[in-house]
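The values are calculated or read from the model by the stated rules, or taken from the named source; none is laboratory data. These numbers were taken from a predicted model, which means no experiment stands behind them. Glycine also receives a Cβ, built like all others from the backbone with ideal geometry; neighbour counts cover every protein chain displayed. All accessible areas refer to the heavy atoms of the entire protein, side chains included, with ligands and DNA or RNA removed. Shrake-Rupley method; radii C 1.70, N 1.55, O 1.52, S 1.80 Å.
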Amino acid sequence: TEPDDMAHMISTLIAPGGRQPSRWPPAEFQEAVDDYMRRPPALRASAEPEGFKVEFPYGDQSSFCGARTDQPHPRYGNGLLILQSFPVTRRSDADGVKLALSMNRIELNEKPFGYGFGSYAYRENMLYFTSFFPNAAYRPGLLPNLYGSCAQRAREISVRLAGAD
């Protein structure tokens, strides 16, 4: 009858920190790009004060990954939004949605392709993976690990959907 204290974690721990400016410092984005993203598996990368952009091989195309601090979460507030996109061709929107749901099933029930914090969605011939890390999750040195997770996800999706490693 009484909710566990964990049920209040968003209102007592996550949201108050999310009302503060993003804890992800701009210098860390440039450092991560310079130290990790300017070599394979990345094709190209850039940093800006609000995040980074990186492209990965994806069959005979490329996939995109971006991290942004200027896109707050509706409940968690400020933090780091990560969005990966993969071009896919499906006969219908329903087939695209089924693909996204099947990818979510794999992430939840099997081995995730990266850290697994997030979910897939489909829209207009693109498969998206979206993840959000609230300010409360920030730790110095975490960004290279998040990039590594994105790189691994890009590789796995390329192998599964584009047939190229």
Do any residues in the stretch 37-51 that are within 17 Å of R155 (Cα to Cα) have Cβ atoms under 7 Å from those of residues that are open to solvent by less than 60 Å² (accessible area, probe 1.4 Å) and of a type in the set (S, T, Y), where the two are at least six apart or on different chains, and which pairs are they?
-> M37/Y147; L43/S62
Does the stretch 139-150 include one or more residues that are out of contact with any helix residue (DSSP H, G or I) (no Cβ under 7 Å at 6 or more places or on another chain), open to solvent by less than 10 Å² (accessible area, probe 1.4 Å) and closer than 22 Å to Q71 by Cα?
-> yes
Matching residues, the stretch 95-118, being acidic (D, E) and open to solvent by 70 Å² or more (accessible area, probe 1.4 Å) = E110
Of the residues in the stretch 117-154, how many are part of a helix (DSSP H, G or I) and among the polar types (S, T, N, Q)?
-> 4
Within the stretch 46-60, is there a residue that is at pLDDT below 95, out of contact with any strand residue (DSSP E or B) (no Cβ under 8 Å at 6 or more places or on another chain) and under 23 Å from M126 (Cα atoms)?
-> yes
Name the residue, out of M103, M6, that is assigned to a helix (DSSP H, G or I), at pLDDT below 95 and farther than 28 Å from P140 by Cβ.
-> M103
Which numbered condition trips up F129, out of (1) open to solvent by 30 Å² or more (accessible area, probe 1.4 Å); (2) in contact (Cβ under 8 Å) with a residue 12 or more places away in the chain; (3) touching a Ser or Thr at 6+ places or on another chain (Cβ under 8 Å)?
-> (1)
